[in-house]
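To start, the structure under review is shown below, and the notes come after it.
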Amino acid sequence: MNFVNVAVPLPLRSTFTYKNNTGESLLGKRVLIEFGKRKLVGVVTADDIDFCGQYKIKDILQVLDETPIFNDFQVKTIERISEHYMHPIGIVFEAFLPTLLRKAKTQLDLNKYVVNVSDVNINENNFYELTLDQKSCLEGIKKINGESLLFGVTSSGKTEVYKHYIKSLLLEGKSALVLVPEIFLTPQIYDEFKKNFNDSVYLYHSGLTELQRYKIWLAAQDEKPKIIIGTRSAIFLPIKNLEAIIFDEEHDQSYKQQDGFRYDARNIAKIIFGGTANIIYSSATPSLSTLQNAKDNKMHCFLLKKRIFNSDMPQIKVHPINKKNLVGGISHELIDEIKKNDEKGNQTLILLNRRGYAPVFLCNSCGWIAKSNCCETSLVLHKGVGRLKCHRCESAWAIPDNCPSCGAKDFNSKGVGTQQVEEAIKSILPNTQVTRIDRDSVAGKGRREKSAKTLKDLEPRILIGTQLLAKGHDFKKIALIIVMNLDFGLFGADIHLQEQTAQLLIQVAGRAGRTGIDNKVYLQSRVADHPMFNLIQTGDYELVANEILKERKKLDLSPYIDVIYLKAEDVNQAKLSNFLIKAKKYLSKEHLEVYGPFESPITKVGYKHRMFCIIQSSKKEIMLETINEFVEHFDKKKKEISNWVVDIDPINTV
């Protein structure tokens, strides 16, 4: 009798045995099974297995595929990924399946969807001529097999280098995958590539419909050369003849999944395609780990130190605002700068990493502050829609008529969000176009596309937004940039925060003066004497990164030591703390250092408290082995808390 192992899409770390009565191999095929009282779609991971247990084995209800979705090599690779991230095998398999294939639909049902992949048609006239530095980088990248870092200052023409590289691949019959950190950036880069490569370019991200994503999945398997542009989940596409993977803005946190299956797309690329495809990391502000790998000769590094068109790097100035009256959070001096810039016909960018109107809504009479009862955080006032919102769980409340504490009707708001800055600037410059770009304003395909078109407009305009504006945009007329509320990023226990703040500031400064126009960048701060500002004002990210790396090496911190976080959550804080204390005791072995438990910076979400432990070691294999034993041991025990997860490639403590 033939038995098979099936991976099921549930938070369970083992496969389950079922009876195969078809008489044929089912390895890599989707099957419909009964699991408890539910019917689930699973994937067969092993065929012809021996079973000598005493309990009754259920039959497979239906084989959904005529030909396997995954071959033997792919099954083994997915098992490796599951082991690497210590994550349930069925959920990892699910990441490789488009949503339509996660349902009980047979291949026969889906055969009606056909995708015709076009022949390569390149518009040679739409390529810019490369500078000598760009040509040098291109020739170097062409000779390399493996990983490369394309490290170039903002507006140095990195995209043009890898467009020329991809052109050479397509002419050889090879395909390329270009990953971008945000859906908001995809229309810009997709349109740019379409001008060069016509219908050989495909777009893949979570904002597409189920059917659109399935069709891209089909197109990916076609032998013809193609370019797929996508966000992090595109790394799971089964792209035929894939020769290169490019991570645009490789430093961005968005390449790391922050919940569920917490994978890092950069490491997934190495596991799946290492040895078969070249991986290029492109950034003006590479992550410290990537930079250190380049320094250690684990990858090749190609430098672009000059802006194209010989435009000057932005002038960065720190602007103290202590004891100053502010208008919409901006000093009067900088309001004057905005007016002058507008009169010259240039554009201004104001960066504030806080959406909404005001982060605190309170009662003047008794001091009551509106808080989320499920997340223990202040509710943010969204004045336009007349709601109080929790930015952790996105729940919303109506604005009360009376204070729930004292009954008064004397409400006020404190702090500044993007909506309040927008309101203030519109009142000061009523005849100038003011555009706000944040998660609220770009939600949905229509808004996203409209905002993308607005950013290309060369008319005098003031752009106000969150870090979405700092990522990868090629603004032609930005001559003034003001960064607000940045001080929080210079402090805090999370070692990643300083690196991410430096990257954000250098990136946003790089949006200014890209076409050679005079430009200024002001960093508003109440701690203007912070030593980090002396480095950031140089605009030299390599200098900033080397100083941070020097400090990390002295303190024996990542990337000089391997770090893993054990994160946990539960409604009962005492139970949560006890669980992590037990975990710490289990993990505290030779060659491992375990710190904590600590409260997460976001202490509570959805009624659940959050805490974590830091595990670090210079002996990576021993650390992984010990944590694997911990996972197996605690998995077998009765569930003590709501949820815990091992975060293998941590980028924050949230």
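The values are calculated or read from the model by the stated rules, or taken from the named source; none is laboratory data. The structure presented is a predicted model; accordingly, all values stated were derived computationally and were not measured. Note that we place each Cβ from the backbone using ideal geometry, even for glycine, and neighbour counts take in every protein chain shown. What goes into the accessible areas is simple: the full protein's heavy atoms, side chains included, and nothing from ligands, DNA or RNA. Shrake-Rupley method; radii C 1.70, N 1.55, O 1.52, S 1.80 Å.
Side notes on the structure shown:
- Total residues in segment 387-424, condition open to solvent by less than 20 Å² (accessible area, probe 1.4 Å), in a loop (DSSP other than H, G, I, E, B) and among the small types (Gly, Ala, Ser): 1
- When residues of segment 276-308 are limited to those that are of a type in the set (Val, Ile, Thr) and either free of Cβ contacts under 8 Å to residues at least 24 places away in the same chain or in contact with a strand residue (DSSP E or B) (Cβ under 8 Å, 6 or more places away or on another chain) (or both), the one surrounded by the fewest Cβ atoms within 10 Å (Cβ to Cβ): 276
- Within segment 520-551, the set of residues being hydroxyl-bearing (Ser, Thr, Tyr) and assigned to a strand (DSSP E or B) comprises 522, 525.
- Among the criteria (1) open to solvent by 10 Å² or more (accessible area, probe 1.4 Å); (2) of a type outside the set (D, E, K, R); (3) modelled with pLDDT under 90; (4) in a helix (DSSP H, G or I), the one residue 427 does not fulfil is (3).
- Residues of segment 127-159 that turn out to be open to solvent by 20 Å² or more (accessible area, probe 1.4 Å) and either in contact with a Gly (Cβ under 9 Å, 6 or more places away or on another chain) or free of Cβ contacts under 8 Å to residues at least 40 places away in the same chain (or both), as a count: 15
- The residue of segment 167-182 that is farthest from the chain's Cα centre (by Cα), among those that are of a type outside the set (Asp, Glu) and open to solvent by 40 Å² or more (accessible area, probe 1.4 Å), is 171.
- One residue from 356, 384 being open to solvent by 10 Å² or more (accessible area, probe 1.4 Å), touching a helix residue (DSSP H, G or I) at 6+ places or on another chain (Cβ under 7 Å) and not polar (S, T, N, Q): 384
- Candidate set: segment 611-646, residues that are of a type in the set (Val, Ile, Thr) and farther than 14 Å from residue 570 by Cβ; chosen: the one most open to solvent (accessible area, probe 1.4 Å): 622
Conditions (1) of a type in the set (Ser, Thr, Tyr); (2) loosely packed, with under 13 Cβ neighbours inside 10 Å; (3) under 22 Å from residue 468 (Cα atoms), marked per residue:
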{"site": "310", "(1), (2), (3)": "no, yes, no"}
{"site": "321", "(1), (2), (3)": "no, no, no"}
{"site": "332", "(1), (2), (3)": "no, yes, no"}
{"site": "349", "(1), (2), (3)": "no, no, yes"}
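- The one condition in (1) open to solvent by less than 40 Å² (accessible area, probe 1.4 Å); (2) at pLDDT below 90 that residue 376 fails to fulfil: (1)
- The residues in segment 228-273 that are under 23 Å from residue 171 (Cα atoms), open to solvent by 10 Å² or more (accessible area, probe 1.4 Å) and in contact (Cβ under 8 Å) with a residue 60 or more places away in the chain can be counted, and the count is 7.
- Check on residue 547, open to solvent by 30 Å² or more (accessible area, probe 1.4 Å), touching a Leu at 6+ places or on another chain (Cβ under 7 Å) and among the charged types (D, E, K, R): yes
- Taken over segment 379-418, the criterion of being at pLDDT 90 or above, more than 25 Å from the chain's Cα centre (by Cα), among the charged types (D, E, K, R) and closer than 18 Å to residue 436 by Cβ is satisfied by 387 alone.
- Index of the failed condition, residue 186 passing every other in (1) in contact with a helix residue (DSSP H, G or I) (Cβ under 7 Å, 6 or more places away or on another chain); (2) in contact (Cβ under 8 Å) with a residue 40 or more places away in the chain; (3) open to solvent by less than 10 Å² (accessible area, probe 1.4 Å): (1)
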